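The values are calculated or read from the model by the stated rules, or taken from the named source; none is laboratory data. Since the model is a prediction, treat every value here as computed from it, not as a measurement. Positions of Cβ are backbone-derived with ideal geometry, glycine not excepted, and every protein chain shown enters the neighbour counts. Surface areas here come from the heavy atoms of the whole protein model, side chains and all, with no ligands, DNA or RNA. Shrake-Rupley method; radii C 1.70, N 1.55, O 1.52, S 1.80 Å.
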Amino acid sequence: MSFTKTTEQASHYESLEKMPVAELLASINQEDKTVPLAVEKALPQIEALVSQIVPRMKNGGRLFYIGAGTSGRLGIVDASECPPTFGVPFDLVNGIIAGGDQAIRRAVENAEDDAQQAWKDLQEFDINTNDTVIGIAASGTTPYVIGGLEKCNEQNILTGCITCNEGSPLALTAQFPIVVVVGPEFVTGSSRMKAGTAQKLVLNMISTATMIQLGRVKGNKMVDMQLSNNKLVDRGVRMIMEEIEVSYEQASALLKQHGSVRKAVNYYLNE
């Protein structure tokens, strides 16, 4: 099958090494401004996928991201932020990268070329039909990701993807594809740039909208966040003060006693 990899097309800019720093930065910024507009065009696709994820997670399902290189790392970042932000179990949202955890910091040679490995990695989590697997690959051609989604489709597991090339093998494999066409990169083929930014924005949307739908935000506040440092404890205290109009000291004592903003407020209102 033939399709156009816009992520690999030549940059619109020439002689980058001759540009002064100010021009380099301004040009990169100019390209970056186009990314949210490209994401906006994909909003219906993002909505369609989130609308499938939420009922499955309400039924005990989990969310998995699979990817290689930059895409895999972005999935891990999003997954790792869900427990501290929303107070969910660490294994509710999972990021899996081709080559294993060692590939988070350093590239693992040929890891992305193994079309069988993603399914083996997913099986370690006892994946089932309540779960959702989202493949992330800017190019839309990564064998590790495509192979993983193909096997999930065979096993009746919901699949989505985030890619930046229309008509790619990955987009055609996923049941709910999200395609954000950002065009050529400032440095030709460097898809960690606009494509990576687009993937991060979409991941933010998927996880945040899902967690809100699961009741993990009240009003506009992270009432279930983990109190893992002094900044977050202070934020939690101030949330409680806003909600039930008590002093800083009272709010602090409630938070210390109950361990979360939600539990502290509920206790105070129901005592």
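Candidates are the residues of the stretch 60-97 that are aliphatic (A, V, I, L, M) and not in a helix (DSSP H, G or I); the one that is farthest from the chain's Cα centre (by Cα) is V88. So is V223 open to solvent by less than 30 Å² (accessible area, probe 1.4 Å) and in a loop (DSSP other than H, G, I, E, B) or not? Taking the combined requirement at face value, the residue satisfies it.
From the list F64, F125, F86, F90, exactly one residue is of a type outside the set (D, E) and in contact with a strand residue (DSSP E or B) (Cβ under 6 Å, 6 or more places away or on another chain). Which is it?
F64
Contact map, the stretch 120-135: first residue among the small types (G, A, S), second residue assigned to a loop (DSSP other than H, G, I, E, B), Cβ cut-off under 7 Å, separation 6 or more or different chains; pairs are G135/A174.
Determine whether N130 is out of contact with any Cys (no Cβ under 7 Å at 6 or more places or on another chain), assigned to a loop (DSSP other than H, G, I, E, B), at pLDDT 95 or above and surrounded by 15 or more Cβ atoms within 10 Å (Cβ to Cβ). Answer is yes for this residue. In the stretch 178-186, the count of residues that are open to solvent by 10 Å² or more (accessible area, probe 1.4 Å) and without any contact (Cβ under 8 Å) to a residue 12 or more places away in the chain is zero. Looking at this structure, is A118 open to solvent by less than 40 Å² (accessible area, probe 1.4 Å), closer than 24 Å to K5 by Cα and outside any helix (DSSP H, G or I)? Taking the combined requirement at face value, the residue does not satisfy it. Which of the residues spanning the stretch 139-167 are open to solvent by less than 10 Å² (accessible area, probe 1.4 Å) and assigned to a loop (DSSP other than H, G, I, E, B)? Scanning the stretch 139-167 gives G140, I157, C164, N165. The residue list S27, S11 contains one member that is touching a residue at least 60 places away in the same chain (Cβ under 8 Å) and either on the phi > 0 side of the Ramachandran plot or part of a loop (DSSP other than H, G, I, E, B) (or both), which is S11. Number of residues in the stretch 10-55 that are surrounded by 18 or more Cβ atoms within 10 Å (Cβ to Cβ) and charged (D, E, K, R): the value is 1.
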